[in-house]
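Report on one structure; see the data block that follows.
The values are calculated or read from the model by the stated rules, or taken from the named source; none is laboratory data. No experiment lies behind these values; they were computed from the predicted model shown. So basically every Cβ, Gly included, is an ideal-geometry build from the backbone, and we count neighbours across all protein chains shown.
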Amino acid sequence: MSIPHERWCRLLFLVAAIYDLLLGVIFTFFYRWTFIQLGVEDALPEYEGLLVLIGAFLIVIGVAYVYIFRGELHRNVDLIAVGTLYKAAYFIVAFVFFMLDGLPHPVFFWVFGVADLIFFVLMYRCWRMISQHLD
């Protein structure tokens, strides 16, 4: 893989790490405030521990993206695949529930869902470039 492509992939995973770590902290520690700011406090789940769990998962995947960013990309190709699937999972779930009108607020699709779709496309491209150079 060329040096510009490697730098591009590293930058992508650095941005993803910052994005998911930030969201993870927000949804782990400030979920109530966030829902109030979005005007959807009535959509807080009965068991708010679910939001903390989602936030914790975001922190974990954010840490994984840090490992990808600072490590050898070709050695982390499997971790890149998992991170790419993680982005696909959120986008697909958000899209399905948006279509079913089951999201508490459109921002959960139009901001987070679309962001994860963009991350998915870019991460998939990065994964493909790295995978092609493993042979």
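Data table
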quantity: Matching residues in the stretch 61-104 - criterion: being acidic (D, E) and either assigned to a helix (DSSP H, G or I) or in contact (Cβ under 8 Å) with a residue 12 or more places away in the chain (or both); calculated: D78
quantity: Residue in the stretch 105-120 that is more than 11 Å from the chain's Cα centre (by Cα) and in a loop (DSSP other than H, G, I, E, B) present; calculated: yes
quantity: Neighbours by Cβ (under 7 Å, 6+ apart or cross-chain): first from the stretch 42-60, under 16 Å from F108 (Cβ atoms); second acidic (D, E) and surrounded by 14 or more Cβ atoms within 10 Å (Cβ to Cβ); calculated: L58/D20
quantity: Test: residue in the stretch 60-78 that is within 12 Å of the chain's Cα centre (by Cα) and modelled with pLDDT under 95; calculated: no
quantity: Out of L23, L14, sole residue that is in a helix (DSSP H, G or I), surrounded by fewer than 16 Cβ atoms within 10 Å (Cβ to Cβ) and touching a residue at least 12 places away in the same chain (Cβ under 8 Å); calculated: L14
quantity: Qualifying positions in the stretch 31-41 - exposed (fewer than 14 other Cβ atoms within 10 Å of the Cβ) and either in contact with a Lys or Arg (Cβ under 8 Å, 6 or more places away or on another chain) or free of Cβ contacts under 8 Å to residues at least 24 places away in the same chain (or both); calculated: R32, W33, I36, Q37, E41
quantity: Residue check for I54: in a helix (DSSP H, G or I), at pLDDT below 95 and surrounded by fewer than 18 Cβ atoms within 10 Å (Cβ to Cβ); calculated: yes
